[in-house]
Amino acid sequence: MKNLNKLDFLTKQVNELIVEKEITIEKDTILSSDLIIQKNERLIVNEGVTLSFKNNSGLLVYGGLFINGTEARPVNIYAEEDSSSTIYINSEVETLIKYTTFKNLSALDRKLWQLPSAITAYESNVTFSHCNFESNLAGDDMLNLFRCKKAVVNNSSFFKVLSDAIDTDFSNVEIENCRFES
C-alpha cells in the first residue's frame, strides 16, 4: 500500500509539472481582451517589457506565471486610466514576479464575478520581489492574498493605494522590507 501511495504522489507531481504550451512576452504588448493562462500553460514576461491593459481586459492565471524583470530592466504592467483591469492568479504552480511595477489596476468586476482587489492570488504560492504597486483605481485592496499556502512580498513598495495595500485572508504570508506611502 505504501508503494501505491508513493506512486500516486509522484504521478500527481509529474502531472502538475506538464506544460503543453509556453507563452513568452518578449516585447511591449497591449492587451485589449483577457489573457487567460490555462493550467497546462506557462506565461513568461521578459525583462524590460511593458504590458498595458485597455478595454477592461485582465490577466487570469491558472497555470505558471514568471515575470522576470531586473533592476536595470524592470517590467511595467499598467491599465489605461479608462480601463478597469485586474490580475487574478489561481495556480497550483509557484508564481514568481520580480522587479515589476503594477499601476492603475482595479478590482475585478465581471457582473456575476467580483473581487475586491487589483491583484488577487487565490490558493496559490506566490512571490513578489522588488515590486512597486501604485495607484489602484478601484477596489478595497491593491494586493489580496486569499488562502495562499505560501506568499512572499519582499523589498517592495506600495504608493497611493485607495484602501488596503495588502489584505491577507487565511494565508501563510511573509512580508519583509516593504515600504508603504499614502
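Values computed for the structure shown
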| read-out | value |
| --- | --- |
| Surface accessible to a 1.4 Å probe, residue 129 within the full protein complex, Å² | 20 |
| Full-extension gain in nm, residue 32 to residue 172, via 0.36 nm per residue minus C-alpha separation | 47.0 nm |
| Summed side-chain charge close to residue 137 - residues other than residue 137 whose Cβ falls under 14 Å, Lys, Arg +1, Asp, Glu -1 | -4 |
| With Cα atoms, 0 to 90° folded angle of helix 2-17 axis to the chain main axis | 30 |
| Pairs beyond 26 Å (Cα-Cα), from 27/160; 27/98; 103/150; 39/160; 27/103 | 27/160; 39/160 |
| Within straight-line cross-link reach of residue 21, aspartates and glutamates at Cα separation under 17 Å, skipping those fewer than 8 residues along the same chain | 41, 92, 94 |
| Net charge of Cβ neighbours under 12 Å - reference residue 85; Lys, Arg +1; Asp, Glu -1 | -2 |
| Nitroxide proxy distance, nm - points 7 Å out along Cα→Cβ at residue 112 and residue 129 | 4.0 |
| Highest-fluctuation residue, 109, 169, 34 considered, GNM on the chain with Cα pairs under 10 Å | 169 |
| Pair-distance profile P(r), taking every C-alpha pair of the chain, with 10 angstrom steps and integer % | 10, 37, 37, 11, 4, 1 |
| Histogram of C-alpha separations across region 98-168, 10 Å bin width, % | 23, 53, 23, 1 |
| Residue-level accessible surface for residue 180, protein heavy atoms, 1.4 Å, Å² | 110 |
| Accessible surface, per residue, of the chain when the full set of protein chains is kept, probe 1.4 Å, Å² | 55 |
| Values of log10 I(q)/I(0), in the order q = 0.22 Å⁻¹, for region 13-106 under a Debye, Cα-only, solvent-free model | -1.11 |
| Residue-averaged [θ]222 nm for the chain, counting only DSSP H segments that reach four residues, each worth -39500 (n - 2.57) | -3000 deg cm²/dmol |
| DSSP-assigned coil residues among trypsin sites (Lys or Arg not before Pro) in region 58-148, each with at most 12 further Cβ atoms within 10 Å | 111 |
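The values are calculated or read from the model by the stated rules, or taken from the named source; none is laboratory data. What you see is a predicted model, and the numbers here were worked out from it, not measured in a lab. Cβ atoms come from the backbone with ideal geometry, glycine included; neighbour counts cover every protein chain shown. What goes into the accessible areas is simple: the full protein's heavy atoms, side chains included, and nothing from ligands, DNA or RNA. Shrake-Rupley method; radii C 1.70, N 1.55, O 1.52, S 1.80 Å.
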